[in-house]
Amino acid sequence: MVSRVIPVNPFDLVVFGGTGDLARRKILPGLFRRFCAGQMPQDAQVIGAARSEMDAEGYRQMVRDAIHEFDGRRPEECPELEGFLSRLSYVQVDAQGEGGWQELKELLRKDTVKAFYFSVAPSLFGDIAERLKNNGLAKRDARIVVEKPFGRDLASAQALNKSLAAYFHEDQIYRIDHYLGKETVQNLMAVRFGNMLFEPLWNSQYIDHIQITVAETVSVGGRGGYYDKSGAMRDMVQNHLMQLLCLIAMEPPSKFEPGAVRDEKLKVIRALEPVEPHHIVRGQYDAQGDEGSYRDHAENPRSRTESFVALKCHISNWRWAGTPIYLRTGKRLRARTSEIAVVFKETPHSIFDDDAGRHRNILTIRLQPNEGMELGVTIKEPGPGGMRLVDVPLDMSFSDALGPDAEEVPDAYERLIMDVIRGNQTLFMRGDEVEAAWAWTDPIIEGWEARNDVPKLYDPMSSGPEDSLMLMHRDGRKWREIRP
Ligand code: NAP
């Protein structure tokens, strides 16, 4: 199979925070891969912008090092590297000062797509938007890309939306949630809305429950200071897990285009019932010795921030009434894995003997590692000895099914940046979606604060606190094992 790469139009992309961690780890290596794939036009221009003093050659060296470190390829395997680097320049700009803006303006060319990536702390978003406007750069066709976290509650998200809306229209604002750029997430929509097979069964009549797990093995490590003010609910559930929930539960949009898709996602968030306090478990990893506990990493021996959340929620609409959705995410868990499992009901009546057992179909959508889908179906166990049933997977890992080209699929950041250049907002969050997600999350966090809730401790490399297992057991259900 030959992959089809459609080059985008010539563009000028300014990366504010172009010397930072995200730019060096994801944005610039991602652009390089698109350049190698032939999708980034030869005359595209990428301009790093930050306060550090550096000339264009110094910036190219920094990017060269970043590509070697994070792209994983050896220099001799990258014949395109120098061509890519020649497309880069650098401007010293202070988001809160006036220096550098004129120089930046002079670097931007006529008749190119203009995109401004705000890869800086959210506290600078408003400053940059204002200076873009004051310097005549916030033209009607310009695009801005903003990173998470988008607020820490409803009030701050509204304030952030307002500060951007003062200078840019909603159709110019691209709020990134890189989970939406994953190949499998888009494939989920292809599977749901491109086949007749699933959609008739995609409701509470046939689906017993849905589980969404995003498990990490890493600790909060060096991010302890930031994370301690955030916690798993703000850092993961409010954005990544809710976005996955929306895609799995939304009604079919009339068209695969930004307005229609985002309208349907918003309806799901608005239909979420408030979560009962006894339907949610907070956890914090605890370890003696060198590994350190969460509180060691957070540098606050009394921190009550959660590094783990498991919850049960309900969507109040015709499709989902009676089908719970369980969400779970945490750090220092047994394996790094992200998956959605759609667990179907048992058949209404078994024609087989009791010892044949009762089985359920499970559709598993794996986001990482090994992106792919698997459908568990029940068949007869081969061989003599009567009718015994066994579950076998119909596995569709992309690289097996589609050949080596499937391994070349762009990573989430690459795809999303190219979508910005194409002007396609389908895989970006709209302002009202983000606010609705905070409106659902805020009461949960406020409840913890009001009750002075203490997270349950859990061992590193486990599946989280015991209570999270009980959340399922009480309902006669079981979490899927967290495994690589
Ligand atoms: P970082 O490593 O601290 O980098 C911040 C960047 O902003 C640096 O290039 C810094 O360069 C620049 N900067 C700081 N103050 C500035 C100012 N006044 N004017 C102009 N530039 C300024 O942060 P990061 O990890 O890259 O994160 C950037 C954004 O992405 C944040 O919103 C973060 O929440 C989000 N994010 C990051 C990750 C990640 O994996 N890193 C993941 C998801 C989201 P100078 O000091 O030279 O100015």
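Read-outs: derived from the displayed coordinates by stated rules, not from any lab. None of these values were measured; they are calculated from a predicted model. Heads up, the Cβs are rebuilt from the backbone with ideal geometry, glycines too, and the neighbour counts pull from every protein chain shown.
Which order do Lys255, Lys456, Lys110 fall in if you start with the one that has the fewest other Cβ atoms within 10 Å?
Ranking Lys255, Lys456, Lys110 by Cβ neighbours within 10 Å, fewest first, gives Lys110, Lys255, Lys456.
Could you give each residue of segment 325-340 its phi-based ³J(HN,Hα) in whole Hz, using Karplus coefficients 6.51, -1.76, 1.60 with θ = phi - 60°, and x for Gly or Pro?
These are the phi-based 3J(HN,Hα) values: 10, 9, 10, 8, 8, x, 9, 6, 9, 4, 8, 8, 8, 10, 8, 10 Hz.
Counting alpha carbon pairs within less than 8 Å and at least 6 residues apart, what relative contact order, in whole percent, applies to segment 11-147?
Numbers: 204 pairs, mean separation 42.8, N = 137.
It rounds to 31 percent for segment 11-147.
For labels at Asn203 and Asp459 in the simple 7 Å Cα→Cβ model, what's the distance in nm?
Each label point lies 7 Å from its Cα, and together they span 4.6 nm.
Step through the residues of segment 13-21 one at a time and calculate ³J(HN,Hα) from phi using the Karplus curve (6.51 cos²θ - 1.76 cosθ + 1.60, θ = phi - 60°), rounding each to whole Hz and writing x for Gly and Pro.
Per-residue couplings from phi come out as 10, 9, 9, 5, x, x, 9, x, 4 Hz.
Can you pull the one-decimal nm distance between simple spin-label points at Glu170 and Glu80, each 7 Å off the Cα toward Cβ?
The answer from the label model is 3.6 nm.
Using only DSSP helix segments of four residues or longer, with each worth -39500 (n - 2.57), what per-residue ellipticity at 222 nm results for the chain after dividing by its residue count and rounding to 500?
One gets -9000 deg cm²/dmol as the mean residue ellipticity at 222 nm.
To the nearest 10 degrees, how steep is helix 183-194 against the longest Cα principal axis of the chain, on a 0 to 90 scale?
60
Which ordering of Arg87, Arg332 is given by a fewest-first count of other beta-carbon atoms within 10 Å?
Arg87, Arg332
Taking a virtual spin label 7 Å from the Cα of Lys345 along the C-beta vector, which residues in segment 446-484 bring their backbone nitrogen under 14 Å of it?
none
Pop the C-beta distance of Asp467 and Lys110 into the FRET formula with R0 = 41 Å and round what comes out to the nearest 0.05.
With a Förster radius of 41 Å, E is 0.10.
Relative to the present Cα-Cα distance, how much length would full extension add between Ala335 and Asn9 at 0.36 nm per residue of separation?
Additional length available on full extension: 113.3 nm.
Taking other Cβ within 10 Å of each residue's Cβ, how do Met418, Met196 sort, fewest first?
Neighbour counts put them in this order, fewest first: Met196, Met418.
Under 18 Å Cα to Cα from Lys26, which lysines show up? Leave out anything in the same chain fewer than 8 places away.
Lys148, Lys182
Given the pairs Lys110/Lys265; Lys105/Lys331; Lys105/Lys255; Lys255/Lys478; Lys267/Lys345; Lys162/Lys267, which are separated by over 32 angstrom at their Cα positions?
Lys110/Lys265; Lys105/Lys331; Lys105/Lys255; Lys255/Lys478
How much length, in nm to one decimal, is gained on full extension between Ser123 and Ala37, taken as 0.36 nm per residue of separation minus their Cα-Cα distance?
On the way: separation 86, 0.36 × 86 = 30.96 nm, distance 3.50 nm.
So the extension gain works out to 27.5 nm.
Rounded to whole Hz and in sequence order, give me ³J(HN,Hα) for segment 216-229 from the Karplus expression 6.51 cos²θ - 1.76 cosθ + 1.60, θ = phi - 60°, writing x for Gly and Pro.
Karplus values, whole Hz, x for Gly and Pro: 10, 8, 6, 8, 6, x, x, 8, x, x, 5, 5, 5, 8.
By how many nm would the segment from Phe352 to His68 lengthen if fully extended, with 0.36 nm per residue of separation less the alpha-carbon distance?
Details: separation 284, 0.36 × 284 = 102.24 nm, distance 5.91 nm.
This chain segment gains 96.3 nm when fully extended.
State the volume of the convex hull built on the alpha-carbon positions of the chain, expressed per residue in Å³ and rounded to an integer.
That works out to 177 Å³ per residue.
Nearest 10 degrees is fine. How inclined is helix 412-422 to the longest principal axis of the chain, computing both from alpha carbons?
That helix lies at roughly 50 degrees to the long axis.
If we restrict to alpha carbons, what Rg and Dmax does segment 11-147 come to, in Å?
14.4, 44
Based on the Cβ-Cβ distance of Ala260 and Asn300, what FRET efficiency does E = 1/(1 + (r/R0)^6) give at R0 = 30 Å, to the nearest 0.05?
It comes to 0.10.
Calculated FRET efficiency, Arg451 and Asp391, Cβ-Cβ r, R0 45 Å, to nearest 0.05?
Here the calculated transfer efficiency is 0.60.
In the chain, what percentage of the DSSP-assigned beta bridges are antiparallel, given to the nearest 5?
55
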